[in-house]
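Nothing in this text is a laboratory measurement; each read-out follows from the coordinates by a stated rule. The structure displayed is predicted, hence computed values, not measured ones. Virtual Cβ from ideal backbone geometry, glycine too; neighbours counted across all protein chains shown.
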């Protein structure tokens with residue numbers, strides 16, 4: 001069921017997903033649902049919804065990441081989008097951080113099972129990374145982690161010069177953008193790209209918001 005939804009959904013979105021990707025994502029989904037019986041990893045448990053809302057949504061993000069990027073996923077929970085991103089773009093160096101230990105244990109288990117190279121799951125609050133990972137990441141991603149301005153405030157000390165932050169948001173994104181505008185300016189950042197899109201099968205509206213330093217242009 002994952003395979004069919006992935007193939008049909010990818011066509012609807014105008015992206016490609018390889019056979020190798022689908023096989024890895026099927027294994028990831030099986031482990032996600034297995035662990036979810038005892039650990040609260042996701043409220044989405046139908047295969048077609050996992051395929052679209054988790055896996056294909058992460059595929060859209062992968063279009064905005066380059067192979068030489070070092071990516072941090074803040075508040076990654078069950079490893080989404082970090083693990084699907086790593087599957088889609090195996091050359092990318094990916095780190096994820098979450099404050100819930102069991103979620104990080106799940107991510108590490110999947111990373112071992114899928115033999116994901118250059119993938120690190122960190123059990124910490126994002127603030128704890130300031131002393132060890134300052135200015136280290138080319139791309140910092142969040143998916144429903146917090147309000148746009150709070151995300152930028154939390155993430156920017158970890159962003160490398162010339163880097164970008166990418167917020168993955170739902171249908172309320174335009175209102176968040178409007179509310180965050182002046183605060184982002186005060187922090188020295190601006191929205192450089194806003195890409196709205198519809199998930200396949202009528203499963204919702206999504207927005208990718210790319211944020212860069214005001215002097216990055």
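Restricting attention to region 83-94, and to residues there that are part of a loop (DSSP other than H, G, I, E, B) and out of contact with any helix residue (DSSP H, G or I) (no Cβ under 7 Å at 6 or more places or on another chain), which single residue is nearest to residue 160 (Cα to Cα)? Looking at residues that are part of a loop (DSSP other than H, G, I, E, B) and out of contact with any helix residue (DSSP H, G or I) (no Cβ under 7 Å at 6 or more places or on another chain), I get 91. Scanning region 197-210 turns up one or more residues that are part of a helix (DSSP H, G or I) and out of contact with any helix residue (DSSP H, G or I) (no Cβ under 7 Å at 6 or more places or on another chain).
I'd like to check something: does region 199-207 contain any residue that is surrounded by 14 or more Cβ atoms within 10 Å (Cβ to Cβ) and closer than 15 Å to residue 70 by Cα? No, region 199-207 contains no residue that is surrounded by 14 or more Cβ atoms within 10 Å (Cβ to Cβ) and closer than 15 Å to residue 70 by Cα. Entry remark, region 111-128: residues being assigned to a helix (DSSP H, G or I), surrounded by fewer than 23 Cβ atoms within 10 Å (Cβ to Cβ) and touching a residue at least 40 places away in the same chain (Cβ under 8 Å) number 1 in total.
Any idea which residue in region 40-82 is farthest from residue 6 (Cα to Cα), counting only those that are part of a helix (DSSP H, G or I) and in contact (Cβ under 8 Å) with a residue 60 or more places away in the chain? First the steps, then the outcome.
So the first thing to find is which residues in region 40-82 are part of a helix (DSSP H, G or I), and the list is 47-62, 82.
Right, trim to in contact (Cβ under 8 Å) with a residue 60 or more places away in the chain and you get 48-49, 52-53, 56-57, 60-61.
Numbers: 48: 8, 49: 10, 52: 7, 53: 11, 56: 7, 57: 11, 60: 13, 61: 15 Å.
Top of the filtered list is 61.
Against the condition in contact with a helix residue (DSSP H, G or I) (Cβ under 8 Å, 6 or more places away or on another chain) and either part of a loop (DSSP other than H, G, I, E, B) or under 23 Å from residue 34 (Cβ atoms) (or both), how does residue 104 come out, does it pass?
no
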